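Student: There's a structure below that I have some questions on.
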Amino acid sequence: MVAPTVSSRIFAHSVVISLRGNVDETGSHQLRRELINALMRQRRRRIVVDFARATSLDPTAVGALIAAHEAAPDMHLTLTLRNPSVGIAAELADHGLLSHPAARRGRPESYPPPISSRSSAGGHPR
């Protein structure tokens, strides 16, 4: 069993938050801290959450992603969800965080189209 980890890398215009393993309650708290840090302190134009090595998400993690998705437009930031497994993509789509539940691992970031909180038509998913 892979211990959940949440790590971030900072680039000139983006922050990439990478998830690994089963993101349980502890991992969800780490994710929330990284998202808050990216939203409030790093202030890069784009936050990317990379699910390439994540195996599952606790509901608390989904809640943290929903909160970040709702906060991003107010802060003029874009939130992109990248490389979710089919199961995670379906879960994210169920909560309005992904527009294309058939996302596949290894596809370029533009597939499924990255969720851009800034381009949503004034409303929040749900």
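The values are calculated or read from the model by the stated rules, or taken from the named source; none is laboratory data. Just so it is clear, the structure is predicted and the values come from calculations on it, not from any experiment. Ideal geometry is used to build each Cβ from the backbone, glycine not excepted, and the neighbour counts take in all protein chains shown.
Student: Scan region 4-19 and give yes if some residue there is within 13 Å of the chain's Cα centre (by Cα), assigned to a helix (DSSP H, G or I) and not hydrophobic (A, V, I, L, M, F, W, C), otherwise no.
Tutor: Among the residues of region 4-19, not one is within 13 Å of the chain's Cα centre (by Cα), assigned to a helix (DSSP H, G or I) and not hydrophobic (A, V, I, L, M, F, W, C), which makes the answer no.
Student: Right, something else. So how many residues does region 1-48 have that are of a type in the set (S, T, N, Q) and modelled with pLDDT under 90?
Tutor: Looking only at that region, the number is 2.
Student: Next question. Please go through region 30-81 and pick out each residue that is surrounded by fewer than 20 Cβ atoms within 10 Å (Cβ to Cβ) and charged (D, E, K, R).
Tutor: Within region 30-81, R32, R33, R41, R43, R44, R45, R46, R53, D58, E70, D74 qualify.
Student: Can you tell me which residue in region 82-126 is surrounded by the most Cβ atoms within 10 Å (Cβ to Cβ), limited to those that are modelled with pLDDT of 50 or more, among the small types (G, A, S) and in a helix (DSSP H, G or I)?
Tutor: A89
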